[in-house]
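Notes to accompany the following structure.
Rule-based calculations on the coordinates, nothing more; no lab input. As the structure is a prediction and not an experimental result, all values here were calculated from the model. Glycine gets a Cβ as well: all are built from the backbone with ideal geometry, and neighbour counts include every protein chain shown.
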């Protein structure tokens, strides 16, 4: 992290519920409340920056095509694949047993 001598100070008022949550998060993470605030703001910056970059790529046409999630096989197709797998496994076991004799 950068030297704190160049950091700006910012007086901050928080509602009691946010202050309690902040204190709990800081304690859970073994960090200061200030570092928790900085982390939360940085995470938001990254999400915002990423979203803006995606929007920009969509606007200028450079966004990649979305990946298509394969459709799972139907129950019948799955059963056929499992029978084929079992048949292959049986054949391999037979070949292995024949070589072992």
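Determine which single condition residue 37 fails, assuming it passes every other condition in (1) within 28 Å of the chain's Cα centre (by Cα); (2) without any contact (Cβ under 8 Å) to a residue 12 or more places away in the chain.
(2)
For the structure I just gave you, tell me whether residue 9 is under 31 Å from the mean Cα position of the chain (by Cα) and free of Cβ contacts under 8 Å to residues at least 40 places away in the same chain.
So residue 9 fails the test.
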